[in-house]
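What follows is a short report on a single structure.
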Amino acid sequence: MISPWDRWYSTSCCLCCHVRTGTIILGIWYMLINAVVLLILLSALNDPVQYRYHLTSSELGTDIDVMDDANICIATAISLLMILICGMATYGAFKQHAAWIIPFFCYQIFDFALNTLVAISVVVYPNTVQDYLHQLPGTFPYKEDIMSTNNMCLVLAVLLFIGGILCFKAYMIGCVWNCYRYVSGRGTTEVLVYVTTNDNTVLLPPYEEAIAIPPKETPPQYNQA
């Protein structure tokens, strides 16, 4: 009986490239995104007056700093950690080291779980979409048009958008998992030798195991008097 993991196992992704290539591309893409975020955060730390975002009193009644120095430092540390994890996955897929891919796979599972919780919260509390729209600044494009839309239509649109993201993330998780299985399988593949005779077929163990088996002791020979 074929297990579900073996049934969905494949060495190709996106219908054209190998799972190793797909994992390398995905790791580089994540590194580029986090590198851009890191540059923006470092620029905000160097020049906080220019990059700090203020909400005017006409929008919320008071001036609020959306990101202070502490939050920027935390976001910078997270970006550095993400660059490290993505770099490990890229290196592990390129050099075929399965253990280096595990942190990136765990991050994908964590990110998928967070997006799933967001979708569940939208279903359970549909009014959160309208509350989020009210928190947007007045300069946000088409804010009034979006808020005038029916709440159920907004919820369905958000769920469809999140559902598409979840499907894409699930496919990428499967790609990275197949890459991990492929890389780990190449390191533990055993060579089996089949010897075919006229009567039957004998399956011999690998050479390393064969030489490790101690030979059988021959029975002592008795001299005839």
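Of note:
- Order by protection proxy (mean Cβ within 10 Å, highest first), peptides 126-133, 93-100: 93-100, 126-133
- Spacing of the modelled spin labels on T139 and I102, each 7 Å from Cα toward Cβ, amounts to 4.8 nm.
- Mean Cβ count within 10 Å, highest first, over the residues of peptides 102-112, 172-182: 172-182, 102-112
- Subtracting the Cα-Cα distance of F168 and A75 from 0.36 nm times their residue separation leaves 31.0 nm of extension gain.
Just so you know, all these numbers are worked out from the coordinates, no wet-lab data involved. Nothing here was measured: the structure is a model prediction, and the numbers come from that model. Please note: Cβ atoms are built from the backbone with ideal geometry, for glycine as well, and neighbour counts cover all protein chains shown.
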